[in-house]
1. Given the residues G95, G13, which is the only one that is of a type in the set (G, A, S), at negative phi, open to solvent by less than 50 Å² (accessible area, probe 1.4 Å) and modelled with pLDDT of 80 or more?
2. Take the residues in segment 429-440 that are in contact (Cβ under 8 Å) with a residue 60 or more places away in the chain and among the β-branched types (V, I, T), then tell me which one is surrounded by the fewest Cβ atoms within 10 Å (Cβ to Cβ).
3. Condition test on V336, is it of a type in the set (A, V, I, L, M) and out of contact with any helix residue (DSSP H, G or I) (no Cβ under 6 Å at 6 or more places or on another chain)?
4. Scan F89, F104 and give me the residue that is open to solvent by 10 Å² or more (accessible area, probe 1.4 Å), over 17 Å from S206 (Cα atoms) and among the aromatic types (F, W, Y).
5. Where residues in segment 405-428 are crowded, with 24+ Cβ neighbours inside 10 Å and of a type in the set (G, A, S), which of them is nearest to L373 (Cα to Cα)?
6. Any chance segment 87-104 includes a residue that's without any contact (Cβ under 8 Å) to a residue 12 or more places away in the chain and part of a helix (DSSP H, G or I)?
7. Looking at V216, V240, V248, which is the one that is among the β-branched types (V, I, T), open to solvent by less than 30 Å² (accessible area, probe 1.4 Å) and assigned to a helix (DSSP H, G or I)?
8. Which condition does L126 not pass, out of (1) part of a helix (DSSP H, G or I); (2) closer than 16 Å to L37 by Cα; (3) open to solvent by 10 Å² or more (accessible area, probe 1.4 Å), if it passes all the others?
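The values are calculated or read from the model by the stated rules, or taken from the named source; none is laboratory data. Quick caveat, the model's predicted, so the values are computed rather than measured. Cβ placement follows ideal geometry from the backbone for every residue including glycine, while neighbour counts extend to all protein chains displayed. Side chains included, ligands, DNA and RNA excluded: accessible areas come from the protein's heavy atoms. Shrake-Rupley method; radii C 1.70, N 1.55, O 1.52, S 1.80 Å.
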Amino acid sequence: MAIRLTNRLSGRGTILALICVGMFVVQLDVTVVNVALPSIGADFRSGTSALQWVVSGYSVAFAALLLAAGSAGDIYGHRRVVLTGFAVFGLASVGCALAPGLAFLVAARIAQGVGAAILLPGTIALITKAYPGSAEQSRALGIWAGTAALALPSGPVLGGALVDAFGWRSVFWINVPILVCAASATVVVAPESVREVDRRMDIAGSICAAVFLGGVVFFAIEAGATGSTMVLIAVGVLAVAALVAFVVVERGSAAPMLPLELIRSRAFVGANAVSLLMNFVGIGMIFVVGLYLQQVRELSPLRAGVALLPLFVPLAVLAPIAGKVTARMGSRPPAVVGLLTGVLGCLLLTRVGTGWSLLAVGTLLLGIGMGLLTAPIVAAAMRSAPPQYAGVASGVNNTARQAGGAFGVACLGLAGVSAAAAVCAALWLSAAVVVLLCVDR
């Protein structure tokens, strides 16, 4: 019996490690490409507007398919879907590395986004299956959140080192051996896939959701880049039409991809609303402060990255600790403390022009807030959904965070640090109220 228990614990630990590897690679590819863009532009003789889609194509495809991928995991089995995600992401990475031109590279990056969307909801769902207990699940999600946070500062550093040493194609080649090892180990260790719910894939709902979510993120990206007004209007109309169609399709479906019991859950809606605001503020302020350091303070990209370490380090370090606290006390206490700490940091950043000390302390407090908030709020979102809808719940939560980050960059990028920080303080204060009223302990 002791041997069997040890093997079970070891297997669960291996599953968590594989999930973290997959999450790290997916998150890394959001940022790692940025430092390679100048080299890609020089190689393909492309301008900035064309290069933007090397980054944006990934983000749009990623956001568009998260909800559908989560639903697919519930229907066909999460291990099967995760392995599919590994395969698509790995093959797309090879396509990126071998790209003969910019159009091919953008297409391969979109395929990477598809693979990431297939992979990510299943990884969180596998955590909930491997760690069914509330306390152990919170601890596991804390480790997962810390790994995801570690990818943010690692992207520019690792990407810069690879580009300098081996050229821009190496930032895509590095994914391949990691993904092959992770997929092989998943086959051996992860539980066999089973049909979680007795229903078919809601194709019409999936298409409407993909068009709506992709349109929303595309709109945010183009708005942040001051895109064409006509394009923005057209995409906005398309997104609204897709949302209306989604509601009509889901209301008439016998097996909707987004079950009504989730939408009616105050805890589920509240946790995902806070998740959206979390990334709106966190990702948005990272973008705004990064621009401030380079454009106003005139720091080099490397020095600006070092100046942001007070934000990144506590985010990576505290997420696993927050998971342990959540396991003991529930989601509400660490989430509220994290939000209020971030509010204080944002208030200090409203006076960032007065000196470096306020910048350092403000970003440190914001990083502490993000570190304390991520694990408990993701855990709250997952716990508020029935086990048979783990994939859908993960897809909704990931979509909320992805859309929140895109809108944060688009909206806050139009303002200076002080104005953006004031808005963010108000948003996180309101999020703390939502946690107190809606999120279960």
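1. Values: G13 fails: modelled with pLDDT of 80 or more.
Sole residue among the options that is of a type in the set (G, A, S), at negative phi, open to solvent by less than 50 Å² (accessible area, probe 1.4 Å) and modelled with pLDDT of 80 or more: G95.
2. Step by step, filter segment 429-440, then rank; the result is V434.
3. Working: of a type in the set (A, V, I, L, M): yes; out of contact with any helix residue (DSSP H, G or I) (no Cβ under 6 Å at 6 or more places or on another chain): no.
No: the conditions fail for V336.
4. Only one candidate passes the filter, namely F104.
5. G405
6. For segment 87-104, residues without any contact (Cβ under 8 Å) to a residue 12 or more places away in the chain and part of a helix (DSSP H, G or I): present.
7. Numbers: V240 fails: open to solvent by less than 30 Å² (accessible area, probe 1.4 Å); V248 fails: open to solvent by less than 30 Å² (accessible area, probe 1.4 Å).
Exactly one residue qualifies, and that residue is V216.
8. (2)
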